Amino acid sequence: MDKETIHRCTWAENAEAIYQNYHDNEWGVPVYEDQKLFEMLILEGFQAGLSWLTILKKREHFRKAFDYFDVACIAAYDEDKITELMQNKGIVRNRRKICAAIQNAKVFLAIQKEYGTFSEYLWGFTNHQVQYLQDKEMPVTTPLSDSISKDLKKRGMKFVGSTIIYSYLQAVGVVHDHHKGCFLHVDDSNN
């Protein structure tokens, strides 16, 4: 496709290359692999109050600092590891978010034990179907994100408010929100 004729979602239209690459190759692509689902959940939590571009630029540092998002490893982090992470200038150094990542890893493992996989749990909320945006305006929360957020909070996760979860659902392709003029938009009238 000719780069000059590509139209993206407005948030990626005139953005930096790293942002456009994320939009073109990752955002909205359905994810079923637990490790990737965990990585994105943790990164979305760290993004709270910041721009996603900030997180994308620090993503490789996050991967190294958090043992490539090995959920069992993160669930076992102790105070020494928290101190080490707080000294790492390559990541977002927020103690509450670091502690939340550890807590969320523990809950993630419990969900895997209960459902077999986190993917089964997450995609079960939509009967394993991608949800296509029906509205003209881009929402920041939906009844789906409200429901998942409420359940995750009840299970003990942190930094999983409905807005964060909606962003997560978009990122991992549970929700398809590419704008109508975007080259990745799918006509939802047949879905």
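What Kirkwood hydrodynamic radius do you get for the chain when you take the inverse of the mean 1/r over all pairs of distinct Cα atoms, in Å?
17.4
Provide Rg and Dmax in Å for the stretch 3-53, with only Cα atoms included in the calculation.
Radius of gyration, then largest Cα-Cα span, for the stretch 3-53: 12.6, 36 Å.
For helix 34-47, report the angle its Cα long axis makes with the longest principal axis of the Cα atoms of the chain; keep it between 0 and 90° and round to the nearest 10°.
For 34-47 against the chain, the angle is about 90 degrees.
Cα to Cα, under 24 Å, and not fewer than 8 places away if on the same chain: which lysines meet these conditions relative to K153?
The qualifying lysines are K36, K97, K106, K113.
If you fit an axis through the alpha-carbon atoms of helix 143-155 and take the longest principal axis of the Cα set of the chain, what angle between them do you get, 0 to 90°, nearest 10?
Around 10 degrees separate the two axes.
So what is the orientation-averaged projected area of the stretch 101-183, using the convex hull of its C-alpha atoms, in nm²?
If you wrap the Cα atoms of the stretch 101-183 in a convex hull and average its projections, you get 5.7 nm².
Full extension from K36 to Q20: what is 0.36 nm times the residue separation minus their Cα-Cα distance, to one decimal in nm?
Residue separation times 0.36 nm, minus the Cα-Cα distance, leaves 3.8 nm.
State in Å² the accessible area per residue of the chain; use a 1.4 Å probe, count heavy atoms of protein chains only, and round to the nearest integer.
Ligands and nucleic acids excluded, the result is 53 Å² per residue.
Mind giving me the nanometre distance, one decimal, between the label points for A76 and H128, set 7 Å out from Cα along Cα→Cβ?
3.3
Could you give the length gained on full extension between K113 and K89, defined as 0.36 nm per residue of separation minus the Cα-Cα distance, in nm?
The span from K113 to K89 would gain 5.2 nm if fully extended.
Run the accessible area of the stretch 1-73 with a 1.4 Å probe and give the carbon-and-sulfur part as a rounded percent.
51
Sequence gap at least 6, Cα distance under 8 Å: using those rules, report the relative contact order of the chain to the nearest whole percent.
Relative contact order of the chain: 31 percent.
Using 0.36 nm times the number of residues separating R96 and K180, minus their current alpha carbon distance, what extension gain do you get?
26.5 nm
The values are calculated or read from the model by the stated rules, or taken from the named source; none is laboratory data. Because the structure is a prediction, the values reported are computed rather than measured. For neighbour counting, all protein chains shown are included, and Cβ atoms are generated from backbone atoms with ideal geometry for every residue, glycine included. For the accessible areas, the whole protein counts, side chains as well, though only heavy atoms, and no ligand, DNA or RNA atoms are used. Shrake-Rupley method; radii C 1.70, N 1.55, O 1.52, S 1.80 Å.
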